[in-house]
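Read the structure below first, then the notes.
The values are calculated or read from the model by the stated rules, or taken from the named source; none is laboratory data. None of the values given here were measured: they were computed from a predicted structure. So basically every Cβ, Gly included, is an ideal-geometry build from the backbone, and we count neighbours across all protein chains shown. The area values use the complete protein model at the heavy-atom level, side chains included, leaving out ligands, DNA and RNA. Shrake-Rupley method; radii C 1.70, N 1.55, O 1.52, S 1.80 Å.
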Amino acid sequence: MNANLKVYNTLSRKKEVFEPLNAPFVGMYVCGPTVYSDPHLGHARSNINFDVIFRYLTYLGYKVRYVRNITDVGHLTDEVSDAGEDKIQKKAKLEKLEPMEVVQQYTNSFHQMLKKINVLPPSIEPRASGHIPEQIKITNEILQNGFAYESNGSVYLDIEKYATRYAYGELSGRNTEDLLEGTRALEGQEGKKNAMDFALWKKASPEHLMRWDSPWGEGFPGWHVECTAMSTKYLGKQFDIHGGGMDLQFPHHESEVAQANACFGCNPAKYWLHNNMVTINGQKMARSLGNFIAAEQLFIGEHPLLERPYSPMTVRFFILQAQYRGTLDFSNEALIAAAKAYKKIINGLKAVKKLAQDPEKPIATNEALNEEIVKLCEDCFTGLNDDFNTAAAIASLFNLLKKINSFSTLATDVHTISIDTFAQMQKTYIDVVENILGLVEEKITDSDGFIHNLLELYSEAKAQKDYPKVDKIRAYFKAEGLLIKDSKTTVDWQYEE
RNA sequence: GGUCGCGUGGCCGAGCGGUUAGGCUGAGGUCUGCAAAACCUCCUACAGCGGUUCAAAUCCGCUCGCGACCUCCA
């Protein structure tokens, strides 16, 4: 466990020391996607950011229960007026599919992307449609607590009433009175007392496909109530972390806070974490804006804005090179730089795994170097502890990598650092890269034996000074995206950067 | 219009009162049959204008520019 971890809490607008409600257990809920189309770079970012948070908390020794939902019902194209259509249903009609077929297709697509970018599965991945009774129950309780009203088969949360006890807007920094005032003019929203009121349950129109029985007639749950139902079911009325994209802060998360207060009398989460957006030409990437690049397009390079394909790990690295609370601008130049840097990290991983100190050889400790390496190892965690600053952690990693490479090329004798420091260096690099940042080697080829044999031929040719042959073998490697590394005593290969 | 946030070197992107961020690109060097890789060195920026301070990219004010949320969006 680590008392040094600080996280930025949207609720307080400050960095706070992370202290779980019931250590060593940590409950974390993150809003997943509405599955009506293929996931894009923005989804990749959010999922990677929270994946690292999940991984790091686990690494620190916490027993994390990570719940990430799939929204497969109730999310409308327009939440304010009653004119909105269910996003899943709209897509289903368009493609002449069952709504659940749409859900399955894009859930699969989402999972495929996550697997490629090495995002760990959550502990529980509940679906909104699988929790209708729970959502009805919560709606009922809010109704009984007097914070909601029924109107023509729908149930709405009564913001004006709610505001007499709680501050609607505390999470997103909004003033309840302003909100009510600003919308009071908008009359004629069927059934709502106030335009700010949001639906907990909606009556299904005759043509609506996804519908369930309820005490208020046939209908479907409102968008926000699913998260309250699923988070409290699996994590309790109060849990540690609630996360999601910044764009969900209002109204989605604000409404979740309201529902939890209205139902249980408490804010559901101690820490609210929000990741910032991926931008493209300075503008937010979003499905509704049509300026998105789907993850799969990125991997195969098929999009007018892409100069070339970028591998899943390149994308992961690109995302982690920025702190999660800042915007991250897409550009080919930045992705190309990320691709090179990623390969450098992975070549370092290969190198550090091969390094070993010979127990027969005496250790002649170079105190200055020793200290420097210990410091560099600690720096990696200083970054992570500061609100999961992966950008800072990666910077430290590169500094550490310089030392690793100098040992690897024999420029510096690995026996000049102590056994403990050597072990710490190896462990830190491997842990941070693989286990925490989740960056793994993307094998270009699995014919390791073949490579090994070719390298032997290469060495022989070199020994015989048969340079035409040497160059030819190099060319073969290059064609496969690999490089031969010569050093005084050995020959090895690595990925071309 | 309201609320909030941001503007860092050729590009991306940390830092947020005093210490080299880091990556990519570019230049030079070591090594090498030539390369590549690796290592070393260099290119030292914080939108503008004021102010606070011994000291500001970092705090305050103003100006300019950009964006997010206020329907849905990770």
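Among the residues of segment A:53-64, not one is in contact with a Ser or Thr (Cβ under 6 Å, 6 or more places away or on another chain) and more than 11 Å from A:ALA23 (Cα to Cα). Selection of segment A:400-415 for residues being part of a helix (DSSP H, G or I) and surrounded by fewer than 17 Cβ atoms within 10 Å (Cβ to Cβ) yields A:LYS402, A:ASN405, A:SER406.
Which of the numbered conditions does A:ALA395 fail, given that it passes all the others? Conditions: (1) of a type in the set (Gly, Ala, Ser); (2) modelled with pLDDT under 95; (3) surrounded by fewer than 20 Cβ atoms within 10 Å (Cβ to Cβ). With (1) of a type in the set (Gly, Ala, Ser); (2) modelled with pLDDT under 95; (3) surrounded by fewer than 20 Cβ atoms within 10 Å (Cβ to Cβ) applied to A:ALA395, the lone miss is (2).
Scoring A:GLN323 on the criteria (1) more than 8 Å from RNA strand B (Cβ to nearest atom); (2) surrounded by 14 or more Cβ atoms within 10 Å (Cβ to Cβ); (3) among the polar types (S, T, N, Q) leaves a single failure, condition (1).
Within segment A:69-77, can one find any residue that is free of Cβ contacts under 8 Å to residues at least 12 places away in the same chain, within 16 Å of the chain's Cα centre (by Cα), assigned by TED's automatic domain parsing to the domain that holds A:ASN267 and over 20 Å from A:LEU298 (Cα atoms)? For segment A:69-77, residues free of Cβ contacts under 8 Å to residues at least 12 places away in the same chain, within 16 Å of the chain's Cα centre (by Cα), assigned by TED's automatic domain parsing to the domain that holds A:ASN267 and over 20 Å from A:LEU298 (Cα atoms): absent.
Only residues that are open to solvent by less than 10 Å² (accessible area, probe 1.4 Å), away from RNA strand B (no atom under 12 Å from the Cβ), more than 20 Å from A:ASP197 (Cα to Cα) and not acidic (Asp, Glu) were counted across segment A:211-257, and they come to 4.
Given the structure, is A:GLU441 among the acidic types (Asp, Glu) and part of a loop (DSSP other than H, G, I, E, B)? Judged against the criteria, A:GLU441 is a match. A count restricted to segment A:131-165 and to residues that are surrounded by fewer than 18 Cβ atoms within 10 Å (Cβ to Cβ), among the charged types (D, E, K, R) and touching a strand residue (DSSP E or B) at 6+ places or on another chain (Cβ under 6 Å) stands at 0.
In this structure, does A:THR77 turn out to be more than 27 Å from A:LYS115 (Cα to Cα), crowded, with 16+ Cβ neighbours inside 10 Å and in contact with a helix residue (DSSP H, G or I) (Cβ under 7 Å, 6 or more places away or on another chain)? Criteria not met by A:THR77. For segment A:410-459, the candidate set comprises residues that are out of contact with any Asp or Glu (no Cβ under 7 Å at 6 or more places or on another chain), at pLDDT below 90 and of a type in the set (S, T, N, Q); within that set, the residue that is farthest from A:ASP471 (Cα to Cα) is A:SER447. With respect to A:TYR29, is the statement that it is away from RNA strand B (no atom under 13 Å from the Cβ) and in the same structural domain as A:PRO221 (by TED's automatic domain parsing) true? Criteria not met by A:TYR29. Taking segment A:343-377 on its own, how many of its residues are away from RNA strand B (no atom under 12 Å from the Cβ) and either in the same structural domain as A:GLU16 (by TED's automatic domain parsing) or open to solvent by 10 Å² or more (accessible area, probe 1.4 Å) (or both)? Selection size over segment A:343-377: 19. Counting the residues of segment A:121-150 that are assigned to a helix (DSSP H, G or I) and in contact with a Lys or Arg (Cβ under 6 Å, 6 or more places away or on another chain) gives 1. How many residues are modelled with pLDDT of 95 or more and on the phi > 0 side of the Ramachandran plot when one looks only at segment A:110-161? Residues in segment A:110-161 being modelled with pLDDT of 95 or more and on the phi > 0 side of the Ramachandran plot: 2 in total. Can you find a residue that is in contact (Cβ under 8 Å) with a residue 60 or more places away in the chain and either closer than 30 Å to A:PHE318 by Cβ or more than 11 Å from RNA strand B (Cβ to nearest atom) (or both) anywhere in segment A:441-460? Within segment A:441-460, one or more residues are in contact (Cβ under 8 Å) with a residue 60 or more places away in the chain and either closer than 30 Å to A:PHE318 by Cβ or more than 11 Å from RNA strand B (Cβ to nearest atom) (or both).
Scanning segment A:258-281 for residues that are of a type in the set (Gly, Ala, Ser) and buried (at least 21 other Cβ atoms within 10 Å of the Cβ) gives A:ALA258, A:ALA260, A:ALA262, A:ALA269.
Quick grid of which residues meet (1) without any contact (Cβ under 8 Å) to a residue 12 or more places away in the chain; (2) farther than 27 Å from A:MET113 by Cβ:
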residue: A:TRP223; (1), (2): no, no
residue: A:THR232; (1), (2): no, yes
residue: A:GLU256; (1), (2): no, no
residue: A:ILE280; (1), (2): no, no
residue: A:GLN283; (1), (2): yes, no
residue: A:ARG287; (1), (2): no, no
residue: A:PHE292; (1), (2): no, no
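Does A:GLY348 satisfy being of a type in the set (Gly, Ala, Ser) and either touching a strand residue (DSSP E or B) at 6+ places or on another chain (Cβ under 9 Å) or free of Cβ contacts under 8 Å to residues at least 40 places away in the same chain (or both)? No.
Assess whether A:ALA338 counts as being closer than 29 Å to A:THR409 by Cβ and at pLDDT 95 or above. It is true that A:ALA338 is closer than 29 Å to A:THR409 by Cβ and at pLDDT 95 or above.
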